[in-house]
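S.K.: Mind having a look at this structure? Questions to follow.
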Amino acid sequence: MIELSHLHKTFRVARRNAGMGEAVRALFRREYTEIHALDDISFRIGDGEMVGYIGPNGAGKSSTIKVMSGILTPDSGSCVIDGCVPWRDRRAHVANIGVVFGQRSQLWWDVPVIDSFDLIRDIYRVEAHQYRADLDELCDLLELGEILRTPTRQLSLGQRMRCEIAASLIHRPRILFLDEPTIGLDAVSKLAVRDFIRRINRERGTTVILTTHDMQDIEALTERIILIGRGKILLDGALDALKAKHSALRRIAVCFAPGTTSPAARPLPQGIALLSADEGRAEFGVDTALHSVSSAIECLTRDIDVRDLSVTGQSTDELVISLYEEFRI
Amino acid sequence: MTPSLRLRPYLSFFRLRFLGGMQYRVAALAGILTQFAWGAMNLLLYTAFYEADPTAFPMDFAQISVYVWFNQAFLTMFMLWFLDADIFAAIRDGNVAYELVRPLDLYRMWFVKNLATRTARVVLRCLPILVVAAFLPAPYGLTLPVSFGAFLLFLLTMVLALVLVVACCMLIYIVTFYTMNPLGVRIIATSMGEFLCGAIVPIPFMPDGLRRVIELTPFGAMQNLPFRIYSGHLSGAEMWRGILLQVFWIATLILIGRLLMAHALRRVAVQGG
C-alpha cells in the first residue's frame, strides 16, 4: 500500500542570461527561481496495482519516484509505503522495492552481467537456492542466456535494459518503480519488456508504477493512470473511462478504387472533417456527438467504390495531447 | 542477522573492487619503475644533504632509507589524491541514485570500495620494490625492523593509517555533494595534504614549530607513524601518543564524515531527471 498525501518539494535553481557581462554579475548577485517540483501531491496505490504515471518533461514524475524510493526528502507532506517512511527508514524500505531508472545503469560496466547479478544477490542477501531458481526464470522470460556472460559495456540498449529489469527483480521486491523503462528501445525489445512486466505483475502480484512518454506502454500495461503537470496531480483514473470520456472522436479511413469519385470531393456536413486525402484514400474525423458512426459511414460511402474501410478511436497519444492542452501544461 | 550475513555485501564489494584493481598489470609495472627512479633520486638528494652536515640531520641515514622505500612501496595505499573517479561521477550525474536504493550504508560501501582499490594496487606493487630495496647496500637499503614489537606496531599503525587516509578521502567525496565540482577540494588535498602528511619530505625534516603542529593533525598520523616506528625513529611515549592520536583522528573523521553525509543526503538533490 502506497499512500502519499500533500507532498511538497521546491528546488532553487540559479538562473542567468547568456553572456560575459551576465556571468560576471552572477558572481555577486545570483538570481534564484523557485521550482515547485511537487505541489500538493496526493494519491493512494493498492497492492498489486499497475499504475501509469504520466506527464510532460519536468512535470515532477521523477521527483515523485525519488521520494517514493527514499532518495529525495520532501519539504512537507507524508508518504507511507507498507508502513515505512521512505526517506526516514531508507534501508528497511529499499529492501522491498525495485527501481529501474531507464536513463541510468545499475550494472557494473566492465564485468559480465552475471557478476553484477551476483553482487546484487549479496547486497540483498538473497538465499542461494532462491537466487538460482529466480535467475533461471528471469533468464528464460527475458531471453538473457548468453547475454549474462557478456560485459555490460558490450550490450545493445535493448539487451542492457532487459538485464536492468532482471537486476531490479533479483530480490523479489513487492513494489517495482520503472522510470522510463522502454526509452530508446526498438519495437521487439519494447514488446518483450512489456510482456515481462505484465507477467511479473500478474504472477507475483508486484505493484508496478511506471513513468513513461510512450503511450503504447501505458495502453499495454496499465489500467489506471495518474497525470501530473507542473507538480500537481491533474487527473487520476481508469484509462478506459478517460478514453471514453475524452474521445467522442472517431477516425474513418476510406480506401476506394483509384480514378473513381473520392469521398473527399463532396461537401461534408458539420461534425465530419477531412483529415487527409491521397490518391485512393481519404481519412475523416467524426464527432460522434453529432453523427453516429453508421450514419457517418453511410454519408461517406454513398456512391463510392469502396475497397476498404476502417474506424478507429482516438489513440492514447492523442488523448494525452488533448489532456495536456486541456490542462495547459 | 548474523554478523557474517550483515557484512556479506561489503565483502562482495571488496572482492569485486580488489579483482578489478588487480587487472591493471601494465600500470603496476610502470608504477614500480617510476617509484624506483623516484626513490633513488630522493636518496641521492638526501645523500647530498647528509654529506654537507650530518649533525643537522634529524634521522639516521638508514632510517631515511627505510622511510623513502616504504614511501614508494606503499604509495598507492597512502596517497591522498588517489580518489575514486566513479564516486565523483556518480555524485555529479546522479547515478548515486542507484547506490541509494540499495539497503546498504552508503558511507560504509564507499569506504570499503576505497580500501579495496588501495590494497589491490599496493599488493601488486609493493613486493618488487621491497625485495629489491632489501638487497641494496647499507645504508641505502631496507633494513630489518628494530624489534619484533616494533614490527607488530608497524603493522597495526599501517592498517590504522590506511583507514585514516580513506576517512579523509571520504570527506572529499562528501564535500562534492555540496560543491558539485571536485576540482577545488582535490587540488587542495593533493598539494597541501601530500606535503603535510610527509609524502614529499618526512615530517621530522620540517621546522620545529610547524612539525609540532602537523604532528597533532590527522596528517601527522598517516604514513609518518608506521614508517618511523619500523626504523625505530619513533618509540616510547612519543610513539604511544602518536598511536592514540591516530585512533582519535580516525574516530573523529569518520564521525564528521557520517554526519556530513547524512546531512548531504537529506538536503542535496540527486542530479538529473
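S.K.: Hey, any hits in segment A:31-45 for a residue that's outside any strand (DSSP E or B), farther than 30 Å from A:Q154 by Cβ, within 12 Å of chain B (Cβ to nearest Cβ) and at pLDDT below 85?
M.R.: Residues of segment A:31-45 that are outside any strand (DSSP E or B), as a first pass: none.
The answer is no, given that none of the residues of segment A:31-45 is outside any strand (DSSP E or B), farther than 30 Å from A:Q154 by Cβ, within 12 Å of chain B (Cβ to nearest Cβ) and at pLDDT below 85.
S.K.: Please verify whether B:R118 is at pLDDT 90 or above and either in a helix (DSSP H, G or I) or more than 14 Å from chain A (Cβ to nearest Cβ) (or both), treating the condition exactly as stated. Walk me through it before giving the result.
M.R.: Details: at pLDDT 90 or above: yes; either in a helix (DSSP H, G or I) or more than 14 Å from chain A (Cβ to nearest Cβ) (or both): yes.
It is true that B:R118 is at pLDDT 90 or above and either in a helix (DSSP H, G or I) or more than 14 Å from chain A (Cβ to nearest Cβ) (or both).
S.K.: Considering B:L196, B:L253, B:L265, B:L225, which residue is in contact (Cβ under 8 Å) with a residue 12 or more places away in the chain, hydrophobic (A, V, I, L, M, F, W, C) and within 14 Å of chain A (Cβ to nearest Cβ)? Write out each step before concluding.
M.R.: Details: B:L196 fails: within 14 Å of chain A (Cβ to nearest Cβ); B:L253 fails: within 14 Å of chain A (Cβ to nearest Cβ); B:L225 fails: within 14 Å of chain A (Cβ to nearest Cβ).
Going through B:L196, B:L253, B:L265, B:L225 in turn, the sole match is B:L265.
S.K.: Of the numbered conditions (1) aliphatic (A, V, I, L, M); (2) touching a residue at least 24 places away in the same chain (Cβ under 8 Å); (3) not in a helix (DSSP H, G or I), A:L274 satisfies every one except a single condition; which is it?
M.R.: All conditions pass for A:L274, except number (2).
S.K.: Only one of these conditions is not met by A:V286: (1) part of a helix (DSSP H, G or I); (2) in contact with a helix residue (DSSP H, G or I) (Cβ under 8 Å, 6 or more places away or on another chain). Which number is it?
M.R.: Result: A:V286 passes all but (1).
S.K.: If a residue must be facing another protein chain (nearest Cβ under 10 Å) and within 17 Å of A:F43 (Cα to Cα), how many such residues does segment A:56-69 contain? It would help to see each step written out before you state the result.
M.R.: Applying the first criterion (facing another protein chain (nearest Cβ under 10 Å)) to segment A:56-69 yields A:57-58, A:61-63, A:65-66, A:69.
Next, from what is left, pick out any that are within 17 Å of A:F43 (Cα to Cα): A:61-63, A:65-66, A:69.
Of the residues in that region, 6 qualify.
S.K.: Can you list residue pairs whose Cβ atoms sit under 7 Å apart, with the first residue in segment B:84-107 being more than 7 Å from chain A (Cβ to nearest Cβ) and the second being surrounded by fewer than 20 Cβ atoms within 10 Å (Cβ to Cβ) and of a type in the set (D, E, K, R)? Count only pairs 6 or more apart in sequence or on different chains.
M.R.: B:A90/B:E99; B:L106/B:E99; B:Y107/B:R258
S.K.: Name every residue in segment A:201-254 that is over 20 Å from A:I45 (Cβ atoms), small (G, A, S) and in contact (Cβ under 8 Å) with a residue 24 or more places away in the chain, in order of residue number.
M.R.: A:S247, A:A248, A:A253
S.K.: So for segment A:261-271 (the condition being assigned by TED's automatic domain parsing to the domain that holds A:T64 and β-branched (V, I, T)), does at least one residue qualify? Before the answer, list the steps.
M.R.: Keep residues of segment A:261-271 that are assigned by TED's automatic domain parsing to the domain that holds A:T64, which gives none.
No, segment A:261-271 contains no residue that is assigned by TED's automatic domain parsing to the domain that holds A:T64 and β-branched (V, I, T).
S.K.: Just to be sure, is A:A253 outside any strand (DSSP E or B) and of a type outside the set (S, T, Y)?
M.R.: Details: outside any strand (DSSP E or B): no; of a type outside the set (S, T, Y): yes.
It is false that A:A253 is outside any strand (DSSP E or B) and of a type outside the set (S, T, Y).
S.K.: Right, another one. Please enumerate the residues belonging to segment B:1-55 that are within 14 Å of chain A (Cβ to nearest Cβ), farther than 21 Å from B:V123 by Cβ and of a type in the set (D, E, K, R).
M.R.: B:R6, B:R8 - these are the residues of segment B:1-55 that are within 14 Å of chain A (Cβ to nearest Cβ), farther than 21 Å from B:V123 by Cβ and of a type in the set (D, E, K, R).
The values are calculated or read from the model by the stated rules, or taken from the named source; none is laboratory data. Everything numeric here is computed off the predicted structure, so don't read it as measured data. Positions of Cβ are backbone-derived with ideal geometry, glycine not excepted, and every protein chain shown enters the neighbour counts.
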